[in-house]
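Derivation of every value follows stated rules applied to the coordinates shown; laboratory data play no part. Predicted model only: the values in this text are computed from it and were never measured. We place every Cβ from the backbone using ideal geometry, glycine too, and count neighbours over all the protein chains shown.
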Amino acid sequence: MPLGHISEFVIFLTNKDHTLQEILNHLNRVVFRTLDVSSVSLSQLNENNELVVAARSGVSKESVLNMPLTYSLDDRYPNVNAIRTLSTIWIDTLPDWGDEYLLMKNYPLLELSKTYLAIPIFVTGTPVAVLTLVSSTRIAPNIETDAFLKAVGHILSMYMYRNVLSSPEEEVSNNSSDKTSNSTKGNDLTDRQLVILRLISEDRTNLGISQFLGYSESTIRQEIMKIFVKLGCSHRSEAAKLYRSYSSKS
């Protein structure tokens, strides 16, 4: 996959502020042109732990009427599976969906399609959205295309969620004895964030933490993003290591 498409996408995003619809139109018409992509959509996780379609490009009004706008994480859809598995769902056997995605068999949009891709979008290692592509050509899984799609996803994430990464909402605990900080960053964690960090250090999943604390999984996901920003790290293992280092000294 030509690197020119990646650099062109970066230049497009830096020219001016774009709406999500403008970005998806550009992805559909320019960036993914060599993949014969017919439609692109982006779904984002909301506070109710649902995937909600935020925008679509290349989808007719008639087709939209037959497709859901909201997906529960309990539903059996490729988009949902991309979030749950933290990996790209690559289906190149359309229009035959197989038994795993029976809900998709009656989508008229996909009757002439050959490939369906659901690419998770991450912020500091946490999935927050899914980019979906539909192509009229069979695209067999390969390392080069997979790397290309992931690169586009990373660039899209950095652009869309740059406010989360650069200016996180500061939450300061009133109880100084329950605070921890990164020695180089000096950003305080709230009581709730400190508890979540401890549970991360115990190798608990987002779902396990949400069930333990009684918050939605989406709330835990957002809190973890803020923790990563405040600690200046990008992975759960790194955050856990910082917590253990702090705990051993306190």
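The table for this structure:
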{"quantity": "Taking N as its residue count, the alpha carbon Rg of region 3-165 over 2.2 N^0.38 Å", "calculated": "0.98"}
{"quantity": "Cβ-based net charge around residue 54, under 15 Å, with every Lys or Arg adding one and every Asp or Glu removing one", "calculated": "-2"}
{"quantity": "Of 105/226; 16/226; 150/230, those spanning more than 29 Å from alpha-carbon to alpha-carbon", "calculated": "105/226"}
